[in-house]
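Encoded as structure tokens, the structure appears first; notes follow it.
Derivation of every value follows stated rules applied to the coordinates shown; laboratory data play no part. All values reported here derive from a predicted model rather than from experimental measurement. Heads up, the Cβs are rebuilt from the backbone with ideal geometry, glycines too, and the neighbour counts pull from every protein chain shown.
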Amino acid sequence: MKQADAKKEKPPVVQTELWVENRLGLHARPVAKLIALAQQFEGTTLTLEKDGAKADVRNLLSVLALDCPQGTRLVLKAVGPQAREAAAVISGLFARKFGEP
């Protein structure tokens, strides 16, 4: 019975507000760093949302298409077994401004 209950459990969902603080916004280099981090969380779905538009965090063109200059507010949604860890790691990357000014 416990196995059946475990299958019915919904995976953890984490939503986090992120701000693009680096001077040049989200361009190819920071997005590549973001994708590299996201690849570590294979079983977790990661999406960014900006003003209703959504992007798969693992898709470079999808994220770049959000057009995120400095000061942009994004919402990260992580769904899956590593949702909390993924959200924390990605939030840290944004907080460190992707290692840029």
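Only one of (1) farther than 16 Å from residue 30 by Cβ; (2) within 9 Å of the chain's Cα centre (by Cα); (3) part of a loop (DSSP other than H, G, I, E, B) fails for residue 81. Which number is that?
Against the list (1) farther than 16 Å from residue 30 by Cβ; (2) within 9 Å of the chain's Cα centre (by Cα); (3) part of a loop (DSSP other than H, G, I, E, B), residue 81 comes up short only on (2).
Select from segment 15-25 the residues that are on the phi < 0 side of the Ramachandran plot and assigned to a loop (DSSP other than H, G, I, E, B) and write down the one among them that is surrounded by the fewest Cβ atoms within 10 Å (Cβ to Cβ).
Within segment 15-25, the match that is surrounded by the fewest Cβ atoms within 10 Å (Cβ to Cβ) is 23.
Just to verify a result, which residue in segment 57-68, among those that are under 14 Å from residue 33 (Cα atoms) and out of contact with any Asp or Glu (no Cβ under 9 Å at 6 or more places or on another chain), is surrounded by the most Cβ atoms within 10 Å (Cβ to Cβ)? Don't jump to the end; show me each part of the working.
Of all residues in segment 57-68, those under 14 Å from residue 33 (Cα atoms) come to 57-61, 63-64.
Pick out the ones that are also out of contact with any Asp or Glu (no Cβ under 9 Å at 6 or more places or on another chain) and you get 57-61, 64.
On the way: 57: 24, 58: 18, 59: 14, 60: 15, 61: 9, 64: 14.
Only one residue fits best here, namely 57.
Here is a yes/no grid of residues against (1) without any contact (Cβ under 8 Å) to a residue 60 or more places away in the chain; (2) surrounded by fewer than 18 Cβ atoms within 10 Å (Cβ to Cβ); (3) touching a strand residue (DSSP E or B) at 6+ places or on another chain (Cβ under 7 Å):
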| site | (1), (2), (3) |
| --- | --- |
| 27 | yes, yes, no |
| 31 | yes, no, no |
| 42 | yes, yes, no |
| 90 | no, no, yes |
| 94 | no, no, yes |
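All but one of (1) over 13 Å from residue 13 (Cα atoms); (2) touching a residue at least 24 places away in the same chain (Cβ under 8 Å) hold for residue 81, so report the exception by its number.
(1)
Please determine, by comparing only the residues of segment 37-67 that are small (Gly, Ala, Ser) and part of a loop (DSSP other than H, G, I, E, B), which one is farthest from residue 12 (Cα to Cα).
Out of the qualifying residues, it is 65.
Let me confirm something: among 93, 34, which residue is touching a Pro at 6+ places or on another chain (Cβ under 9 Å), within 28 Å of residue 10 (Cβ to Cβ) and in a helix (DSSP H, G or I)? Spell out the reasoning first.
Values: 34 fails: touching a Pro at 6+ places or on another chain (Cβ under 9 Å).
So the residue among 93, 34 that is touching a Pro at 6+ places or on another chain (Cβ under 9 Å), within 28 Å of residue 10 (Cβ to Cβ) and in a helix (DSSP H, G or I) is 93.
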